[in-house]
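Read through the structure below, which is laid out as structure tokens, and then see the notes.
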Amino acid sequence: MNYKIITDKEKLLQFIEWLPELEANEKYYCSLFARKKYCKDQIKSSDKTQLKRFLANKEQLYFKIKQLEVEVGAYQLKGLTAPQEALALYISPNPRSLKKAAYEGIIALTQSLKNNNQNFNPHAEMMSCIQKSIGRRIYLDCDVDTKDFDFDALYRAINSSCLTILQTRGGFHILVKLSEVLPQYKNTFYRDIIKLEVDQVGDQLLPVPGCTQGGFTPRFINKIVE
């Protein structure tokens with residue numbers, strides 16, 4: 001038996017199509033986690049244990065995700081099998097800049113060598129630099145940890161045409177396409193949105209639509225009120 005990461009192929013392919021086209025030296029950053037909060041009775045470690053992370057372009061993304069569906073037991077948490085119910089796949093919807101990451105990575109690796117750090121991992125160091133290196137800030141991601149979000153208030157704060165809404169296991173991710181915010185909202189929308197029940201706002205990891213999130217399948221929804 002294998003782990004199941006892709007739970008709705010059609011929704012995943014639609015999401016991949018939705019992602020912005022990449023420019024030179026850009027990739028998408030993805031990470032597979034085991035989350036304690038989804039499986040408290042079976043996991044004793046920290047809430048987020050990273051099992052795998054990788055880079056991909058749009059053409060590679062589906063197949064890279066499919067490769068995560070390895071035999072049950074291949075993902076371990078302190079010597080114990082990671083349960084299927086704990087798995088959640090995330091992606092940074094803003095492309096990562098490999099050029100910027102290479103520059104920051106050279107600095108980080110040089111500093112480790114200078115400090116005579118015997119335990120540093122060059123691959124892990126570079127992947128961390130890539131995760132932090134935004135190529136283009138296309139989306140502002142607003143993480144909502146409630147299912148009773150006031151969408152009417154949201155649509156008073158910003159034009160609905162620039163929004164994409166992802167339903168997640170515990171609430172929503174509201175993605176604001178910054179280039180499509182109308183002029184009358186540009187100076188006020190951020191302040192007005194953070195007044196709502198928003199947990200975090202910024203460049204964040206997004207649960208991947210069509211893939212597992214603690215036994216739930218995240219999906220784009222139409223909450224737009226005309």
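The values are calculated or read from the model by the stated rules, or taken from the named source; none is laboratory data. Only a predicted model underlies this, so the values are computations on that prediction, with no experimental measurement involved. Backbone-built Cβ (ideal geometry, glycine too); neighbour counts: all protein chains shown.
For the range 202-214, the count of residues that are under 19 Å from Arg136 (Cα atoms), assigned to a strand (DSSP E or B) and in contact with a Pro (Cβ under 9 Å, 6 or more places away or on another chain) is nonzero.
Inspect the range 4-20 for any residue being at pLDDT 95 or above and more than 27 Å from Ile165 (Cα to Cα) and give the result as yes or no.
Of all residues in the range 4-20, those at pLDDT 95 or above come to 4-20.
Imposing the further condition that a residue be more than 27 Å from Ile165 (Cα to Cα) reduces the set to none.
No, every residue in the range 4-20 fails to be at pLDDT 95 or above and more than 27 Å from Ile165 (Cα to Cα).
Looking at the range 119-132, can you tell me whether even one residue there is small (Gly, Ala, Ser) and in contact with a Gly (Cβ under 9 Å, 6 or more places away or on another chain)? Checked against the condition, which is being small (Gly, Ala, Ser) and in contact with a Gly (Cβ under 9 Å, 6 or more places away or on another chain), the range 119-132 yields at least one hit.
Looking only at the range 36-66, how many residues end up being under 14 Å from the mean Cα position of the chain (by Cα) and either modelled with pLDDT under 95 or surrounded by 18 or more Cβ atoms within 10 Å (Cβ to Cβ) (or both)? Please lay out each step first, then the result.
Quick first cut of the range 36-66, residues under 14 Å from the mean Cα position of the chain (by Cα) only: 48, 50, 52-56, 61, 65.
Cutting the leftovers down to either modelled with pLDDT under 95 or surrounded by 18 or more Cβ atoms within 10 Å (Cβ to Cβ) (or both) gives us 48, 50, 55-56, 61, 65.
Qualifying residue count, the range 36-66: 6.
Please determine whether any residue of the range 178-194 is touching an Asp or Glu at 6+ places or on another chain (Cβ under 9 Å) and hydrophobic (A, V, I, L, M, F, W, C). If you could, list the steps in order and put the result at the bottom.
The initial filter retains those residues of the range 178-194 that are touching an Asp or Glu at 6+ places or on another chain (Cβ under 9 Å), namely 185.
Filter once more, so that each one left must be hydrophobic (A, V, I, L, M, F, W, C): none.
Checked the range 178-194: no residue is touching an Asp or Glu at 6+ places or on another chain (Cβ under 9 Å) and hydrophobic (A, V, I, L, M, F, W, C).
Looking at Asp199, is it within 27 Å of Leu87 (Cβ to Cβ) and acidic (Asp, Glu)? Give the derivation first.
Working: within 27 Å of Leu87 (Cβ to Cβ): yes; acidic (Asp, Glu): yes.
In short, yes.
Which residue out of Leu22, Leu68, Leu61 is in contact with a helix residue (DSSP H, G or I) (Cβ under 6 Å, 6 or more places away or on another chain), on the phi < 0 side of the Ramachandran plot, touching a residue at least 24 places away in the same chain (Cβ under 8 Å) and not in a strand (DSSP E or B)? Can you show your working first?
Values: Leu22 fails: in contact with a helix residue (DSSP H, G or I) (Cβ under 6 Å, 6 or more places away or on another chain); Leu68 fails: in contact with a helix residue (DSSP H, G or I) (Cβ under 6 Å, 6 or more places away or on another chain).
Unique residue meeting the criteria: Leu61.
Output yes when any residue across the range 172-185 is within 22 Å of the chain's Cα centre (by Cα), of a type in the set (Gly, Ala, Ser) and under 23 Å from Glu26 (Cβ atoms), and no when none is. Scanning the range 172-185 turns up at least one residue that is within 22 Å of the chain's Cα centre (by Cα), of a type in the set (Gly, Ala, Ser) and under 23 Å from Glu26 (Cβ atoms). Could you tell me whether Gly210 is surrounded by 12 or more Cβ atoms within 10 Å (Cβ to Cβ), on the phi > 0 side of the Ramachandran plot and not charged (D, E, K, R)? Spelling it out, Gly210 is indeed surrounded by 12 or more Cβ atoms within 10 Å (Cβ to Cβ), on the phi > 0 side of the Ramachandran plot and not charged (D, E, K, R).
Residue-wise test of (1) more than 14 Å from the chain's Cα centre (by Cα); (2) under 17 Å from Val201 (Cα atoms).
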| residue | (1), (2) |
| --- | --- |
| Asn121 | yes, no |
| Ala124 | yes, no |
| Tyr139 | no, yes |
| Phe149 | yes, yes |
| Ala153 | yes, yes |
| Ala157 | yes, yes |
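Once the range 125-181 is narrowed to residues that are part of a loop (DSSP other than H, G, I, E, B) and touching a residue at least 60 places away in the same chain (Cβ under 8 Å), the residue that is nearest to Lys11 (Cα to Cα) is Arg169.
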